[in-house]
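Beneath this line is the structure, given in structure tokens, with notes to follow.
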Amino acid sequence: MGRPALGNPAQLDFIGKLAAASRALPVLTICLARPELFDVDADWGGGRKARVEDVEPLDYNEMLAVAAERIALQGGDVAFTAEDLVDRADGNPQVVQLLAQSAAAGGALPASVTQLYEAALDRLSADERSMVESAAVYGRRFPAAPVGAVAEVSDPLAVLDRLRERNVLEVAGDRGYRFTQTVFMQTAYRTMSKRTRITRHSALADWVAEHRDALHTDTVALVASHRKRAFDLLEEIEGSPAERTALRAMAADAALESLLAMQLRGDPGLPDAVERLLDVAPPGDARHFEVAHAGWFLRNKVEPKRWIGWLDRLDIALEADPTWQIIRRAPRDLAAVRSGDVSFDHVRAEAVEILGRLDGTDGVDPLAIDIVSNVLAHSEADLGNLAACHRTCVAGIARAQRDGRTYNERMWRNFDIQAAYAGLTPLAEVIADARKLQDMVSGQRQLWRTTTAVLAGALAGAGDFDEARSLWEQVVAAHAEEPPAERAFDLQHYPHLLLAEGRPQDSARYLSERAAEVELPSFAASLLGSAARDAIFAGDLAFAVECCRKLVMVELPSTMAFLEDVNEAFMVAVQCALRGDRVGALHQIELSARVDRPEESPVSAAYMHAMIAIVEQLLGDEAASRAAADRARAALTAKGATALVPQVDTWVANADKLRAIAA
């Protein structure tokens, strides 16, 4: 392997998994790393308990031997001794080599390491220095072709070979090279004038843009990075207005191309791409609507402060844009809902009003309509208006197809499949649509996870447990590196499989565990309410009460305080029935329908009727209980959730357990 270094978390994880997968093979895995590795991850590779050989620094005599060897290799008279070099090198063999080369060139030894590397640069030929400087602009590791083209040398490979002989560069695999010392690269970059750096960053971006197929890397992001760096440097030296305008336009084009490409593949670096476009897009530029649109879908991926910061910057950049002035309130409504400043009803009403205004305005950017439509769709879903949410999604899909916006279409289809799964659409249709969408979003990790989670839940409801479990394993594996708070949005569908398998107790405990991981109070309340419901289906009143106690501890904003009553309604209904209070019990069940509306969702209707059947069983009215159970089975049959149909009898029969626990 290469020189000791600290890999990033993804590299460390890959090496660990590769070593584990090849454990049964005759493979010896050797890794070099700095001692700080175990400060970053004390257990990596088995930690210190694994076979670890600590490589100590060279001692004084060993350094003297290295210095003497380096002096001998210079092939000329050197006016300094090995001791002189070792005393100046401060224990670094690489510095010993450079000092020896400097001594062979004549003159005094450099007074500092910085001067040492500058002197090493000065000893390079013109072609060698041009190659080193161009490589420093690219980065520590670089391919030969673009760097050679930017350096404008006649024989790039010959120059690279000479730099290898000087130990400035080394082969890095895949016909690439890298600097042996980061400080050498940094010195080469620092000593170039900013004007030269601008020229070379721009030239590299031009070459990469024209030879995308020649490089095995993300060339879109690479071009965007070099365009932005060239523009930033030009700003620092206060280049001419015309030149700044031209470079800014190229940087903005490249940044937008990078952002759109990263959206399509669900790249975790997308927030940085948003900020890169914000940095370079001129005030008033329509590309700011791309930022606003991308930012909307990242609202749960970044810290709220960062997300609000984007909106603040958009307010400044689009201060004179009439469309932005109409829609700017819509994305901020989301933060206002979370803080309790406005209600979902207010958000919905305002989104409808804004869309009406946009409909009567000329020259509206289609992305502005898409942003507000997304706000409307989410508010409809939060209010339980699944049919209205579906209509908004269908309109969004049509708009995206008309405008050729692939990512937007996928996002709308992904949201629609979730609404269809919860709503009136039969599971057979949900499964067919989810399979198509799976193929469509296979390269976008976030959309694939959500689509696959819905597909697994739908398959479980339809009774295909084997495929459902196989898909769940894939979803869980895909979420392995995600924060718990983020993965809960997809994993909330897993209890549907547990319920279909006749395991409501496991479902209740799973939901309770997920509720402890999420950060959004309304989501935590919903998960705990579902956990209490499934605990009742299992006949475990004690765990249902425990879930509701946790629910009371959730700090809901004032505009969402009703969620506490809604999500503990089933548990309170059971308690009322155990006291013989039919009116109170049925009132509580009706209260639950405020969010999970039975006319919008057959599954919600089935849960409500099953709960009525349990309450009637506790009250001793078996005829009313059977009638309610029949309605629950009919709702599930209409949805196509055939695996849940026979579970209704078990849930109702567990009323005896509830009565026994209460007694």
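The values are calculated or read from the model by the stated rules, or taken from the named source; none is laboratory data. Values in this document were obtained by computation on a predicted structure and should not be read as measured data. Cβ coordinates were reconstructed from backbone atoms using ideal geometry, including for glycine residues, and neighbour counts include every protein chain displayed. Ligands, DNA and RNA are stripped out before the accessible areas are found, and what is left, the full protein with its side chains, is counted by its heavy atoms. Shrake-Rupley method; radii C 1.70, N 1.55, O 1.52, S 1.80 Å.
Tabulated results
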read-out: Residue tally, condition closer than 20 Å to Asn408 by Cα and surrounded by fewer than 22 Cβ atoms within 10 Å (Cβ to Cβ), over the stretch 312-340; value: 4
read-out: Looking only at the stretch 54-112, and only at residues there that are in contact with a helix residue (DSSP H, G or I) (Cβ under 8 Å, 6 or more places away or on another chain), open to solvent by 80 Å² or more (accessible area, probe 1.4 Å) and part of a helix (DSSP H, G or I), the one that is modelled with the lowest pLDDT; value: Arg88
read-out: Count - residues of the stretch 205-264 that are open to solvent by less than 50 Å² (accessible area, probe 1.4 Å), in contact (Cβ under 8 Å) with a residue 60 or more places away in the chain and closer than 19 Å to Tyr407 by Cβ; value: 1
read-out: Matching residues in the stretch 148-184 - criterion: being assigned to a helix (DSSP H, G or I) and within 32 Å of the chain's Cα centre (by Cα); value: Thr182
read-out: Any hit, the stretch 169-178, residues being hydroxyl-bearing (Ser, Thr, Tyr) and surrounded by fewer than 19 Cβ atoms within 10 Å (Cβ to Cβ); value: no
read-out: Selection within the stretch 279-301 - farther than 30 Å from Ala488 by Cα, in a helix (DSSP H, G or I) and open to solvent by less than 10 Å² (accessible area, probe 1.4 Å); value: Val280, His288
read-out: Selection status of Thr425, of a type in the set (Val, Ile, Thr) and either open to solvent by less than 50 Å² (accessible area, probe 1.4 Å) or more than 26 Å from the chain's Cα centre (by Cα) (or both); value: yes
read-out: First in the stretch 145-161 and closer than 17 Å to Arg178 by Cα, second anywhere and of a type in the set (Asp, Glu), Cβ under 7 Å, 6 or more apart; value: Val159/Asp127; Val159/Glu128
read-out: Selection count where residues are within 20 Å of Leu259 (Cβ to Cβ), among the polar types (S, T, N, Q) and open to solvent by less than 50 Å² (accessible area, probe 1.4 Å), scope the stretch 384-419; value: 2
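Residue-wise test of (1) outside any helix (DSSP H, G or I); (2) open to solvent by less than 60 Å² (accessible area, probe 1.4 Å); (3) in contact with an Asp or Glu (Cβ under 9 Å, 6 or more places away or on another chain).
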residue: Ala606; (1), (2), (3): no, yes, no
residue: Ala613; (1), (2), (3): no, yes, yes
residue: Arg626; (1), (2), (3): no, no, yes
residue: Leu644; (1), (2), (3): yes, yes, no
residue: Thr650; (1), (2), (3): no, no, no
residue: Ile661; (1), (2), (3): no, no, yes
